[in-house]
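Written below as structure tokens is the structure these notes are about.
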Amino acid sequence: MASVTLCGTDAHIWDDDYATELPIIQGHEAAGTIVALDPSDTDVHAGSGTGGWAVGDRVAISPMFYCGQCHACSIGRVNACRHMSVYGCYEDGSLVTEQAVPLEKLYRVPDGLELSLAPMSEPASIAMQAVNRGRAQAGEKVLVSGAGPIGLLATVYLKDLGCDVTVSDMNPARLALATALGADRTFTVTPGDFPTAAQRTELDQLTRGDGPSLVIDATGAPASVATGVELVATAGRVVCVGISDAELRLTLRTLPVKEIDLLGSRNSQNLIGQALELLDRHQDSIGALLTHRFVFEDLDAAFETLVDPTAGVGKIAIDFPAEDPTEGDTRP
């Protein structure tokens, strides 16, 4: 293992506030190098369509497992599998020096991409899934609510697709990151007063009074989703990728009268490979998301930082000592 990044789900598991059976080894955003292969596995020779796998290959791990038989899987929506399992969430994960992983869960890291950034392909794939669910098109005016890692990575992907992106958040430091990652403008959210009259005027001028045609909500806050439904253009789309147990209340007039698509988004439909390509294209800017790095021995301090609201966390990386994968262990 080379590096594992942490996310909000990890904080909930750490606090025993998640649907996880403890004890468990955490870590579901991971990358490293292959140190050994089973020579009897045909995938060793087939690889991922690029000449097979070899010891020393740099790889990112897809942590998601699905049954392939439920309704969601039968229509290709494996990211919503009823019987899903995820490394580090429902079974032992990647915060280990070595991990045995099925070859079909590995994705080759592009040669030009720093291995330390590759674990972010997992959250990037989640952000890409949300954008894909919203059917984003070049030239669209999009509002991204929430400038946490998913909202910020969605911003990168939306800009990559040619969209005009407005990002809203309560945290000025996160909005500064959004600007660094390419957002066309940012709105500071004041609870109970968003959008302000000036912000609404700016949105109206931008969209000819229609409102954004796509809203990506990465907050999980009911008030934010309700605001997105109110702001989105008639016949627009609102995608909810933020998760919470809080109840959302909407009038039954809003959805049919505006004929809105209100969509949920979860995990990704095996987008890790595409996410690695996105990271490769934008690694100079995306590197700003990695605000903290810790060695594995300082894992306690890493989690304390993760849940500290004053720490200014974007993403936290846990780094493992570098080893030569071609030496030492020769187990199949």
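Are there any pairs with C-beta distances below 6 angstrom linking a residue in the stretch 199-210 that is free of Cβ contacts under 8 Å to residues at least 40 places away in the same chain and more than 16 Å from residue 142 (Cβ to Cβ) to a residue that is among the basic types (Lys, Arg) and open to solvent by 70 Å² or more (accessible area, probe 1.4 Å), with the two at least 6 apart or on different chains, and if so which?
Correct list of pairs: empty, since none qualify.
Return yes when residue 106 is within 26 Å of residue 93 (Cα to Cα), surrounded by fewer than 24 Cβ atoms within 10 Å (Cβ to Cβ) and aliphatic (A, V, I, L, M) and no when it is not.
yes
So, in the stretch 56-65, how many residues would count as being in contact (Cβ under 8 Å) with a residue 60 or more places away in the chain, surrounded by 16 or more Cβ atoms within 10 Å (Cβ to Cβ) and part of a loop (DSSP other than H, G, I, E, B)?
1
Output the helices (runs of 4 or more DSSP H) that fall wholly within the stretch 124-237 and possess 2 or more residues being more than 25 Å from residue 280 (Cα to Cα), or say none.
Of the helices (runs of 4 or more DSSP H) lying wholly inside the stretch 124-237, those with at least 2 residues that are more than 25 Å from residue 280 (Cα to Cα) span 197-207, 222-231.
Quick check on my filter: what residues within the stretch 66-101 are outside any loop (DSSP other than H, G, I, E, B) and in contact (Cβ under 8 Å) with a residue 40 or more places away in the chain?
Correct list: 78, 79, 80, 86, 87, 91.
Give me the residue from the stretch 1-30 that is in contact with a Leu (Cβ under 6 Å, 6 or more places away or on another chain) and among the hydrophobic types (A, V, I, L, M, F, W, C) and, out of that set, modelled with the lowest pLDDT.
11
For the stretch 198-231, which positions are among the β-branched types (Val, Ile, Thr) and more than 23 Å from the chain's Cα centre (by Cα)?
Matches in the stretch 198-231: 201, 207.
Please go through the stretch 277-311 and give me each residue that is open to solvent by less than 60 Å² (accessible area, probe 1.4 Å), part of a helix (DSSP H, G or I), over 20 Å from residue 178 (Cα atoms) and in contact (Cβ under 8 Å) with a residue 24 or more places away in the chain, ordered by number.
Across the stretch 277-311, the qualifying residues are 299, 302, 303.
I'd like the full set of residues that are exposed (fewer than 10 other Cβ atoms within 10 Å of the Cβ), in contact with a helix residue (DSSP H, G or I) (Cβ under 8 Å, 6 or more places away or on another chain) and farther than 19 Å from residue 145 by Cβ, limited to the stretch 232-264.
If the condition is that a residue be exposed (fewer than 10 other Cβ atoms within 10 Å of the Cβ), in contact with a helix residue (DSSP H, G or I) (Cβ under 8 Å, 6 or more places away or on another chain) and farther than 19 Å from residue 145 by Cβ, then no residue fits.
The values are calculated or read from the model by the stated rules, or taken from the named source; none is laboratory data. Note that the structure is a prediction, hence the values are computed from the model and not measured. Cβ atoms come from the backbone with ideal geometry, glycine included; neighbour counts cover every protein chain shown. Heads up: the accessible areas ignore ligands, DNA and RNA and are worked out on the full protein's heavy atoms, side chains in. Shrake-Rupley method; radii C 1.70, N 1.55, O 1.52, S 1.80 Å.
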